[in-house]
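Let me begin by presenting the structure, written as structure tokens, before commenting on it.
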Amino acid sequence: MPQFTAIFTKLRALQRRSRKWPYAGRITFALALIAMLLLVTQGHHLDNPADITGYDLRGGKLVSEQGGPPPGPVLRFVSVVLPYLDKWMLVGGFVFITILLRQWGNIRKLVVPTWVAGISIAAWAVCTDIAHQLGVAQMTELGEAFAFAAYWVKLTLLVLGVLSLPAMLHYYYRSGSLDRYTLRTFTAPLVFCFIAFTSLWLIMDLLDNMKDFQEAETPVGRVILFYLGMLPFIYVSVMPAALLLSVLYTLTKMSRANEIVAMLGAGRSVVQILQPVLVVSALISLTSMAANYHWAPRAEGNKKAVIRGLDARQKDSIREDTILYRSPVTKRLWYVASFPFSLQSGRLRGVQVREHDAKGEVVHVIHADSAMWWPGGKWRFFDGKEVFFKDGKPTVIRDFPKDDQGRSQMDVTNFEETPWSMVSDSLKPEHLGVPEIISYMKAHPKDPKDKLAPFRAHYHHRFALPWQAFALALVAAPLGVAYSRRGNVGGIAGSIFIFFALLFLNNLCLNLAKGGHVAAWLSSWIPHLLFGALGLTLLYYRSQNKDLPKFSLAGLFGKKAQIARPRNRRAA
């Protein structure tokens with residue numbers, strides 16, 4: 001603790017000194033622009049080319065590595081811009097930290113730098129994603145058809161998610177004094193609840209998986225990166241509960257201090273008082289939808305694949321194990337001992353490929369310790385041998401040739417099978433993002449309805465689930481407001497009950513859609529429409545200064561008539 005106190009003291013002293021430096025923010029920004037102009041004049045993108053998946057930079061031009069299509073204008077633009085954006089993230093980050101230290105607490109002077117930082121991060125994130133995904137747009141890393149429309153929607157949501165913070169800061173700057181006070185009162189418990197629930201989730205998951213990490217001797221850095229990759233899934237999972245509790249705490253606190261009554265006396269309506277809370281709730285739901293579109297389900301699937309790989313004592317993640325696939329076109333039989341979650345960071349392990357003649361007899365077998373596949377149809381087998389048969393007996397057995405570095409490998413370009421064709425039948429929709437779900441449904445249009453129903457259900461569920469937080473805030477806000485003699489305990493208890501009721505109804509509707517009993521587009525939105533309508537009804541009662549309706553079970557049962565007795569027996 002004394003060490004942390006000393007660090008904070010030094011940072012505070014540095015901040016006080018930076019406030020006295022004249023024009024420090026403008027000077028650092030100007031120096032950063034000059035540094036970037038120097039990089040442009042020196043041709044930085046030629047000496048430090050961008051890493052475009054599927055392409056290589058030769059003579060200043062992008063060339064396909066595996067004979068794929070030539071790069072389009074978007075990829076050429078990204079290959080030029082991305083190296084400068086990588087440097088700008090370092091230089092601009094230093095500039096933004098300098099401005100943040102100088103202008104901390106001065107919202108007016110932080111709005112523009114925050115917007116510049118948000119736009120820079122969004123541009124860098126979009127260009128980086130394009131460099132890794134669009135370069136293999138003819139096929140993705142597994143070989144499924146690429147969904148272009150879904151991919152551009154993903155990039156749009158990525159930009160909206162990154163720009164949500166500067167948008168919130170701009171909204172705070174343009175708000176009045178009462179709205180600013182409500183936002184400050186509401187933001188503090190929201191951040192606290194989110195950090196608390198996130199910490200509880202991490203502790204519980206770490207205790208559950210600690211044995212696997214220890215037995216696999218996983219480095220601490222890799223464990224930290226593993227849980228950092230889980231943040232989108234954690235955000236979508238814990239934010240509804242954090243938002244519900246923070247709304248109840250904020251409005252209950254303001255009601256007890258008679259601040260709600262004071263705002264009403266100043267001429268503001270209930271809707272105007274709750275407007276900052278509802279705006280933040282809507283922004284949280286929008287960012288949750290951006291995370292749940294692709295990154296959250298992928299993070300959940302990657303978590304289970306990594307844990308499965310640790311249990312099997314393998315360094316790669318395992319999406320599926322023991323895959324046996326027979327191509328209906330080539331009649332080639334594939335056996336894969338373990339299939340990684342992502343081929344960009346893992347390999348197929350324990351691969352065996354068998355080719356048969358017209359009589360069904362084995363003529364060629366490939367045994368490999370591992371294998372990789374690249375979009376364009378290239379397979380590379382590592383550390384193995386191939387065997388040729390005649391009349392059911394092996395005639396030629398030879399090891400894979402070795403390259404210049406002594407690695408045993410063999411390249412095959414005439415195999416039509418892709419990793420997608422092997423693993424598509426065992427994919428689980430709850431671990432797929434919207435682009436992958438669309439690719440699956442495009443690749444299997446003739447599958448039975450009961451098989452496609454779970455994919456359609458999760459497709460609509462990706463868009464509907466994040467708005468659960470807004471529906472809860474819409475219900476909790478009027479329950480947390482009390483400007484009469486009626487207490488807040490009933491509102492808090494009712495909100496918690498509504499939270500669990502919404503979770504139950506949400507899971508029920510999802511299972512009904514997965515079973516094909518209810519239309520997927522309707523089932524995903526039923527809980528949010530019902531509880532949203534309930535929230536609007538409660539908000540109407542609050543705005544009209546009426547007591548909220550009381551729910552009682554006494555009306556369901558007959559009530560026995562009782563004889564009225566006088567209190568004073570002598571008078572009787």
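Bear in mind that the values in this text are calculations on the coordinates, not laboratory data. In this text, all values refer to a predicted model and were calculated from it rather than measured experimentally. Reconstructed Cβ throughout: ideal geometry from the backbone, glycine too, with neighbour counts over all protein chains shown.
Remarks
- For the pair residue 311 and residue 205, label points projected 7 Å from Cα toward Cβ lie 1.7 nm apart.
- With distances taken between every two different alpha-carbon atoms, region 429-547 has a Kirkwood hydrodynamic radius of 15.9 Å.
- When exposed loop sites are taken as GluC sites (Glu not before Pro) in a DSSP loop with at most 12 other Cβ atoms within 10 Å, the longest stretch of the chain clear of them is 1-216.
- Applying a DSSP loop filter and a limit of 15 other Cβ atoms within 10 Å to the trypsin sites (Lys or Arg not before Pro) in region 379-444 leaves 407.
- The gain in end-to-end length when the residue 223 to residue 119 segment is fully stretched comes to 34.4 nm, 0.36 nm per residue minus the alpha carbon separation.
- Calculated [θ] (222 nm, deg cm²/dmol) that DSSP helices of n ≥ 4 give over the chain, each run adding -39,500 (n - 2.57): -20000 deg cm²/dmol
- Given the chain, longest segment not containing exposed loop chymotrypsin sites (Phe, Trp or Tyr not before Pro) (DSSP; at most 10 other Cβ within 10 Å): 24-550
- Computed label-point distance, nm, for sites residue 497 and residue 398 using a 7 Å Cα→Cβ extension: 7.8 nm
- Using a Förster distance of 45 Å, the FRET efficiency for residue 31-residue 253 (Cβ separation, nearest 0.05): 0.45
- Partner aspartates and glutamates whose Cα lies under 13 Å from the Cα of residue 211, excluding those fewer than 8 positions away in the same chain, are identified as 311.
- Hits among lysines - C-alpha to C-alpha of residue 378 under 26 Å, sequence gap 8 or more where chains match: 61, 315, 331, 402, 442
- Cα gyration tensor category, rounded, prolate or oblate, for region 318-426 with a/c compared to 1.5: oblate
- One chain, two ends: residue 192 and residue 56. Fully extended at 0.36 nm per residue, the span grows by 44.3 nm beyond their Cα-Cα distance.
- Between residue 383 and residue 342, the distance separating the two model label sites (each 7 Å from Cα on the Cα→Cβ line) works out to 2.3 nm.
- Dipole moment magnitude, nearest 20 debye, the chain about Cα centre, only Lys, Arg, Asp, Glu C-beta charged: 3560 debye
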